[in-house]
Amino acid sequence: MRYSQTEKLILLFTCVFAAFFAMPTAAGAMHIMEGYLPLAHCLAWGAISLPFLAAGIIGIRRTLQRSKRLLILLAMSGAFIFVISSLKIPSVTGSCSHMTGTGLAAILFGPAATSALGLIVLVFQAILLAHGGLTTLGANTFSMAIIGPIFTWLLYRLGKKLALNRKVNVFIAAALGDLCTYCVTSIQLAVAHPSAYGGIMASVVKFLGVFAPTQLPLAIVEGLLTVLIIIGLESLAEPELKEIAFLEAK
């Protein structure tokens, strides 16, 4: 039986989806967990995130108006975020270390669309997997679905201007974007729980130090996985990648 390009693309991502869910995970770990941030902080992070989410919804709408074929690629980018960010390693009380998966969507569709995809993922994880929380949704969205993707996208654009090899560029952008997310998370936790000795900066250093042993290797793994997905897409979804200007049209 011969498969069409769309069918091959669907099979590729379902295999990745199945492979990740076959791995054992720690059930008690979370992003920033429910009730761990003061109410004022929850409201503030949520308010800051709103303009980015509005831009993301508008961006996705325009993308789909341009071509309905991109819906599958967009949905699979969201599924990749859901799967890869559900694999969690307990790191410190109130949070955890895990890959984000947002690098792929940020590189393909930009940070605005990624923010909307990330919010959807975080809502489902909070409700279905007890991963994160509804009160901390704004904070988790800001770190994982907004700042991380923006940093990834900026790095990728810079790499293109410097004429880096595409795969090397994708790896660097995805890996460092992952680390950026956890730097922001550390700041969020430190602001909410400053150290009695040294204040917020001492607390930031403490959280970063706790995250680093697990997050550094996870960032490398995420960079490699993102490159592998891109290699697969270049073979199976070349027309769609040209349509979003990831690949140059010949």
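The table below lists the values:
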quantity: Region 214-228 - residue that is out of contact with any strand residue (DSSP E or B) (no Cβ under 8 Å at 6 or more places or on another chain) and farther than 11 Å from F171 by Cα and, of those, surrounded by the most Cβ atoms within 10 Å (Cβ to Cβ); calculated: L216
quantity: Pairs where the first residue, in region 157-182, is without any contact (Cβ under 8 Å) to a residue 40 or more places away in the chain and the second is among the hydroxyl-bearing types (S, T, Y) and in a helix (DSSP H, G or I), C-beta under 7 Å, 6+ apart; calculated: N169/Y156
quantity: In region 34-70, the residues that are under 17 Å from I120 (Cβ atoms) and surrounded by fewer than 13 Cβ atoms within 10 Å (Cβ to Cβ); calculated: L50, R61
quantity: Residue satisfying all of: in region 87-111; part of a loop (DSSP other than H, G, I, E, B) and at pLDDT 85 or above; nearest to T214 (Cα to Cα) among these; calculated: M99
quantity: Residue tally, condition surrounded by fewer than 14 Cβ atoms within 10 Å (Cβ to Cβ) and closer than 22 Å to A113 by Cβ, over region 158-169; calculated: 3
quantity: Which listed residue is buried (at least 24 other Cβ atoms within 10 Å of the Cβ), in a helix (DSSP H, G or I) and either among the hydrophobic types (A, V, I, L, M, F, W, C) or at pLDDT 95 or above (or both), from A79, A139; calculated: A139
quantity: Index of the failed condition, L176 passing every other in (1) modelled with pLDDT of 95 or more; (2) over 30 Å from P38 (Cα atoms); calculated: (2)
quantity: Tally, over region 109-125, of residues that are closer than 20 Å to Y36 by Cβ and free of Cβ contacts under 8 Å to residues at least 60 places away in the same chain; calculated: 4
quantity: Out of T152, T181, T185, T114, sole residue that is among the polar types (S, T, N, Q), part of a helix (DSSP H, G or I), more than 11 Å from the chain's Cα centre (by Cα) and buried (at least 24 other Cβ atoms within 10 Å of the Cβ); calculated: T185
quantity: Looking only at region 198-213, and only at residues there that are at pLDDT 85 or above and surrounded by fewer than 17 Cβ atoms within 10 Å (Cβ to Cβ), the one that is nearest to C42 (Cα to Cα); calculated: I200
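Yes or no, residue by residue, for (1) more than 16 Å from T102 (Cβ to Cβ); (2) over 14 Å from the mean Cα position of the chain (by Cα):
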| residue | (1), (2) |
| --- | --- |
| Y156 | no, yes |
| N165 | yes, yes |
| A173 | no, no |
| S195 | yes, yes |
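The values are calculated or read from the model by the stated rules, or taken from the named source; none is laboratory data. All of these numbers come straight from a predicted model, not from anything done at the bench. Using ideal geometry, Cβ is built from the backbone for each residue, glycine included, and neighbour counts are taken over all protein chains shown.
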